[in-house]
Amino acid sequence: MWPSRSRPRPRRRGVALLATAGLLLAACQGGGPPTAGAPGTSPQGAEPVTLNMWLFGEFGYGPLIERYHREHPNVTVKTKVADYGAHHDALTAGLASGSGAPDIAAIEVGFIAAFKARPENFYNLLDFGAGDLQGDYLPWKWQQALTGDGSALIGLPTDVGPMAMCYRTDLFEQAGLPTDREEVGALWPTWSDFIEVGRRFTQATGVGFIDAGSQLYNAIVNQGTEKYYRRDDTLVYASNPQVKKAWDLTMEAIQAGISAQIAPFTAEWNAGMQRGSFGVLTCPAWMMGYIQGQAPDTAGKWDIAPMPEGSGNWGGSFLALPRQGQHPQEAYQFISWLLAPEQQLYVFEHTGNFPSTPELYSDPAIQDFSNPFFNDAPVGRIFAESAMKVTPIYEGSQEGQIRSIVESAIGRVEQGQQSPGEAWASLLEELEREVGPSS
Amino acid sequence: MATAGALERAAARPRARARGAKRGPRAVGRAGLRTYGLLAVAVALSLFPLYWMFVVGSNDSSAISRVPPTVVPGPNFLRNASRVVHTVPFLRSLLNTAIVATAVTASVVFFSTLAGFAFARLQFRGRGVLFLLIVATMIVPVQLGIIPQFMIMVRLGWVDRLQAVIVPGLVTAFGVFWMRQYISSAVPQELLEAGRVDGCSTFRLFWSVVVPAARPGAAVLGLFTFMQTWNDFLWPLVVLRDPNRLTVQVALQGLNEAYFEDYGMVMAGTVLSVLPLLVIFVLLGRQIVGGIMEGALKG
Amino acid sequence: MSLGQVVERTGSPLARPGGSGPRPGRRRLTLSRLDVAVSPYLYVAPFFLLFAAFGLFPILYTAFVSLHRWDIIGSRTWIGLQNYRDLLADPRFWIALRNTFSIWVLSTVPQLALALFLAHVLDRRFLRAKTFFRMALLVPNVTSVVAVAIVFTSIFGLHFGLVNYVLESLGLGRIDWKAGVLSSHLAISAMVMWRWTGYNALIYLAALQSIPQELYEAAVIDGASHFQLLRRVTVPMLRPAILFTVVVSTIGGLQIFAEPLVFDGGQYAYRGGTGRQYSTLALFLYEQGFRSFKFGYAAAVAWVLFVLISVMVVLNVLVFRRIRSAD
């Protein structure tokens, strides 16, 4: 019954057909073991299709892609992993210049608004029946990929980034601090307390408390409901108290000398993580993948505690299908399988990226899931709680660029190039020039 | 190998000159212990980064965070290298680069010899002006035209195609200049005149007289062009994105950016990226040295 | 590979006199005249056509693009010289300009001095293993910039870099090489120097060895001292070689791109450091053109850089002329 994949299908006439396909898919996702679609959905004789997928960072899709290929031998998915910034720029260039975009592209939440502004660059997933999947995903996450008028959906949600605080139990012990996660959480009800703990920690151990100021900043700024934009997409970076609060606390931490000054996402960061050059790390769920991948030798030395002043969301992505792709049908079938709850659960268990499908949060598979790498912390429960507490934060159209400018300013203070005051002034100046004036 | 033989001859000239010259009074003394000491230091500095590349590339990825640092090669090079080729299509990038560099080299050598011959030995109106133009364009940093060049490639639909990196490199002003100088000194006018009298066509003269005589110079030009194309970075970075279409420099930069967590692997990739040229250098380095030194006298 | 074919397919030049055989006649005469008249143009045409299409045209078109607000999808508005006015008011441009010159000077001056010294050492009489030394010094030059930059970035790392390890074991403090203007420029200059010093040394060596012996002999007969030999014979005879290396390093050095890009290595590598302390003009051009996709603005940067390099090269030549005529 599955529409033949070999026949070229005029898109508009195919909508009804596609909707059926979507229904069928949704049905397949209902439950049972996570097999890649129902058997028979991929006729043996189907034309071989290669799907190029662009990712950044750690998505943990490797084994799932292999499984999908085993069950759909005609579909081969090739991935390219690039650096976060380079990835989104390459995608922008590929879309705008009309060639060079992949079949499937990850888009981080900081960039989704920018790409959403040109929905014509992507296949509208609603045309494929994605509407039926809406109930699977967190409503606020879904909204982020939906155009303002609700007519087009440019991406399906991958993970969300509810935050907690990862810390090194061995170093905490060395510093004479408690190591139990409840007690550690109780050490820092507020960010000021957190910085105070950092002082004690650094004094006792001689190594940094946080890895870099920008990591602390991102944790705090993402706890609000708005950061650089108001909900009507006007810029408020200069007047939003949430931004200023995150900035000021970050400056306080840097001046307290508790930053290890290691640029995140570099080789030195990796080395620092292995060597224990810092005691805590802001942990959106996806950070667990980085830690386990980069510092496998530190297994068991980490634990996870709640973050000061509640939860927040940092990061998480979407998978979108650029219009340039020649196989949208196959691509949609693949991503809707890949991002279904079962597969998201698999990714969480093996990599740490947290599902964007709330039905899983109360599922025993999550609730009872603990990770030996993190000292058997019940990471499932910790991040599920954190995720449920998240107040969705509004992400505006040039979020990614703003973030890079702010993080550079923090870096300047850390490296001693500028005082906090100077850095704040030059930051405002640069933002005004690059993205526009703030109200 | 014919090429090697030709190169041998090219390299032989300056050496012969140097050897032939009797050293009399000069502002230089004999090579003594100090000379060798100084050179040993220079050689050590010169080779150390390559050694270091291999040290990191042959240890596991935790080696870089060790204090004191690991300074001897480890046993993991092959494992790291195989991770490189399995994680990204690195071999494909090497192949792409070989294709690009070979095509560019062949074209540059051919067209440069052709034009160099015309400028060196043929009479035609505008010769002086045109040659001056070539000399002038040698100092023009044409790489700076990347914005329109990118637009052209978009228009042609060549983004992510190897021809986008090949075609702009098909000719170089330096190549024409180099071959003109070489042919001027290597092909006697009388020989060509004799050929004319015998009724040879111009192309016949080119093919039967000029090409054989210009072989040594062409070979050196070919080597330089090949190495330069192999190491090109900015333009391929702009115009290539598909992981299967990258040249090795772009692939290496991407590897370094995206896989920072596995530095052993990144460094193994770095070693792989320089290995082909190093092999060529070990085989033909003598000729390359000769080419550079001879080129210095002509330029 | 066609280079091989080109080389392989040889024939003794005049082995077959007469070529296609005697066939005198008017037709043949016209043909041969045509051949003589047209061939030269045919032979130089490929170069000029290809160069015009992919070299000259883009450079000129860059100037045209720079007069527009022009984005990647090709929508454009004529804005005259506005991009240039913006550029002159843009602090990022001035920082990049400063850095470009600073890195260029820091890498070129010591590099050429060192190369001259090395050439002098290599020129010693009865030096053994000549070829080995020359090759060993040239190896860096065949190593690609990206590879060089990756290795040096790791060597200059703040926490786990080799240089800082050595500094610390000597009791000196660590240096955050990326943090400072001067320190970052030094680190980047080290990459450039490593790659080019040996090459330049060979150029100088060739020049040294080409100095006719008679000049020295004549000078010695005139009673010249060692220093005078150097001053009166060696240095003047080296002038063309020095001019050549200075021009080459000007053209290359002012376009420096890969080194600062890789040196940063973080998420925002194209900035050239948190405070743009090692952003260069080429990096700024790339950032504006292929990260922000402001083609018009990037074209203005390209054009300014183009003019700058041309002016610097002409200046080099003029200065050398001046020195020569002053002698």
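Would you please give the FRET efficiency between C:Leu215 and C:Leu60, computed as 1/(1 + (r/R0)^6) with r the Cβ-Cβ distance and R0 = 51 Å, to the nearest 0.05?
It comes out at approximately 0.65.
Have a look at the DSSP beta bridges in the protein assembly as shown and tell me what percent are antiparallel, nearest 5.
In the protein assembly as shown, DSSP labels about 65 percent of beta bridges as antiparallel.
Based on other C-beta atoms within 10 Å, arrange A:Ile410, C:Ile188 from fewest to most.
Ascending number of Cβ neighbours within 10 Å: A:Ile410, C:Ile188.
Any chance you could list the semi-axes, whole Å, largest first, of the equivalent ellipsoid that the Cα gyration tensor gives for chain A, using √(5λ)?
39, 25, 18
Mind checking the alpha-carbon convex hull of segment C:175-231 and giving the volume per residue in Å³?
Looking at segment C:175-231, the number lands at 99 Å³ per residue.
Report the normalised scattering of segment B:63-146 as log10 I(q)/I(0) at q = 0.16, 0.18 Å⁻¹, calculated by the Debye formula with identical scatterers on the alpha carbons.
Result of the Debye calculation: -0.86, -0.96.
Would you please give the residues with an amide H less than 5 Å from that of A:Phe56, counting only those at least 5 places away or on a separate chain, with H modeled from the backbone geometry?
Amide H neighbours of A:Phe56: A:Ala82.
Mind putting together the pair-distance distribution for segment B:106-228? All Cα pairs, 5 Å bins, whole percent per bin, short to long.
So the P(r) values, bin by bin, are 2, 10, 18, 18, 17, 13, 9, 7, 3, 2, 0.
Inverting the mean 1/r over all pairs of different Cα atoms, compute the Kirkwood radius of segment A:300-439 and quote it in Å.
For segment A:300-439, the Kirkwood estimate is 18.6 Å.
Under a Cβ-Cβ cut-off of 10 Å, what is the net charge of the residues other than A:Lys80 that fall near it, where Lys and Arg count +1 and Asp and Glu count -1?
Residues near A:Lys80 contribute +1 overall.
Please report, to one decimal in angstroms, the Kirkwood hydrodynamic radius of segment C:208-253 built from all distinct Cα-Cα pairs.
11.7 Å
Place the peptides A:250-256, A:84-90 in order of packing, highest mean first, counting for every residue the other Cβ atoms within 10 Å and averaging per peptide.
A:84-90, A:250-256
Tell me, what is the FRET efficiency for B:Glu190 and C:Phe101 to the nearest 0.05, using R0 = 51 angstrom and their Cβ-Cβ distance as r?
According to the calculation, E is roughly 0.50.
Which percentage, to the nearest 5, of the DSSP beta bridges contained in chain A is antiparallel?
Antiparallel: roughly 65 percent of the beta bridges in chain A.
When a footprinting reagent is the concern and you count Cβ atoms within 10 Å, what order do C:Lys130, A:Lys227 take, fewest first?
Least to most surrounded, the residues fall as C:Lys130, A:Lys227.
Counting helices only, and only those DSSP H runs with n ≥ 4, report the 222 nm mean residue ellipticity of chain B as the sum of -39,500 (n - 2.57) divided by its residues, in deg cm²/dmol to the nearest 500.
-23500 deg cm²/dmol
Have a look at A:Pro63, A:Pro322, A:Pro341 and tell me which one the Gaussian network model of chain A (Cα, springs below 10 Å) gives the largest fluctuation.
Among A:Pro63, A:Pro322, A:Pro341, the largest mean-square fluctuation in the Gaussian network model of chain A belongs to A:Pro63.
Tell me the relative contact order for chain C as a rounded percent, counting alpha carbon contacts under 8 Å between residues six or more apart.
Relative contact order, chain C: 25 percent.
Hey, rough spin-label estimate for C:Arg321 and A:Arg199, points 7 angstrom out along Cα→Cβ, what's it come to in nanometres?
Placing both labels 7 Å along Cα→Cβ, they lie 6.9 nm apart.
Restricting everything to alpha-carbon atoms, can you work out Rg to Rh for the protein assembly as shown with a Kirkwood hydrodynamic radius?
Answer for the protein assembly as shown: 1.01.
Hey, can you list the DSSP H helices of chain C whose Cα span along the axis is 30 Å or longer and whose average Kyte-Doolittle score is at least -0.5?
Flagged H segments are C:26-51, C:91-122, C:181-209, C:295-326.
Whose amide H sits under 5 Å from the amide H of A:Ala377, counting only residues 5 or more places off or on another chain, with H placed in the peptide plane?
Those qualifying (amide H under 5 Å, at least 5 residues apart or on another chain) are A:Asn371.
Principal axis extents for segment B:114-165, Cα atoms only, whole Å, descending order, please.
Cα extents, longest axis first: 42, 20, 15 Å.
Report, in listed order, any pair from A:Lys301/A:Lys389; A:Lys80/C:Lys178; A:Lys227/A:Lys301; A:Lys141/A:Lys227; A:Lys227/C:Lys178 with a Cα-Cα distance greater than 23 Å.
As for pairs spanning more than 23 Å Cα to Cα, those are A:Lys301/A:Lys389; A:Lys80/C:Lys178; A:Lys227/A:Lys301; A:Lys227/C:Lys178.
Rounded to whole Å, give me the distance from the Cα center of segment A:294-319 to that of segment B:203-224.
Using only Cα atoms to place each centre, the spacing works out to 64 Å.
Report, please, the projected area of segment C:85-156 averaged over directions, based on the convex hull of its C-alpha atoms, in nm².
One quarter of the hull surface, i.e. the mean projection, equals 7.2 nm².
When the Kirkwood hydrodynamic radius is evaluated over all pairs of different C-alpha atoms of segment B:152-206, what value in angstrom, to one decimal, is obtained?
One over the average 1/r among Cα pairs gives 14.4 Å for segment B:152-206.
Per DSSP helix of 4 or more residues, -39500 (n - 2.57); summed, then divided by the residues of chain A. What does that give at 222 nm, rounded to the nearest 500?
Calculated from helices alone, the mean residue ellipticity at 222 nm is -12500 deg cm²/dmol.
Counting Lys and Arg as +1 and Asp and Glu as -1, each charge on the Cβ, what is the dipole of segment A:87-148 about the Cα centre in debye, to the nearest 20?
Computed charge dipole of segment A:87-148: roughly 180 debye.
Which value at 222 nm does chain C reach when only helices count, each DSSP H run of 4 or more adding -39,500 (n - 2.57), with the total divided by all residues and rounded to the nearest 500 deg cm²/dmol?
-22500 deg cm²/dmol
Net charge near B:Asn244: determine it from the other residues with C-beta under 12 Å of the C-beta of B:Asn244, scoring Lys and Arg +1 and Asp and Glu -1.
With Lys, Arg at +1 and Asp, Glu at -1, the net is +4.
Under a Cβ-only charge scheme (Lys and Arg +1, Asp and Glu -1), can you give me the dipole magnitude of the protein assembly as shown about the Cα centre, in debye to the nearest 20?
Magnitude of the dipole: close to 6960 debye.
Fewest to most neighbouring Cβ within 10 Å: what's the order for A:Glu268, A:Glu47, B:Glu261?
A:Glu47, B:Glu261, A:Glu268
Given 25 °C and 0.890 mPa s, how large is the Stokes-Einstein diffusion coefficient of chain C in µm²/s, with Rh as the Kirkwood radius over Cα pairs?
Rounded to a whole number, D works out at 101 µm²/s.
Which log10 I(q)/I(0) values, to two decimals, does segment C:252-327 give at q = 0.16 Å⁻¹ under the Debye formula with one point per Cα?
The Cα Debye sum returns log10 ratios of -0.64.
Measure of size requested: the Rg and Dmax of segment A:167-270, with Cα atoms as the atom set and Å as the unit; please supply both.
For segment A:167-270, the Cα-based Rg and Dmax read 15.3, 49 Å.
Only Cα pairs within less than 10 Å get springs; with that Gaussian network setup on chain C, which residue of C:Pro110, C:Pro40, C:Pro236 has the largest fluctuation?
C:Pro40
Give me, ordered by chain and number, the residues 5 or more places off C:His68 or on other chains with an amide H under 5 Å from its own placed amide H.
Excluding prolines and chain starts, which carry no amide H, the hits are C:Ile79.
So how far, in whole Å, is the C-alpha centre of segment C:50-75 from the one of segment C:277-327?
A separation of 17 Å, based on Cα centres.
None of the figures in this text is laboratory data; all of them are computed from the coordinates on show. The model shown is predicted, which means the values in this text are computed figures rather than measured ones. Please note: Cβ atoms are built from the backbone with ideal geometry, for glycine as well, and neighbour counts cover all protein chains shown.
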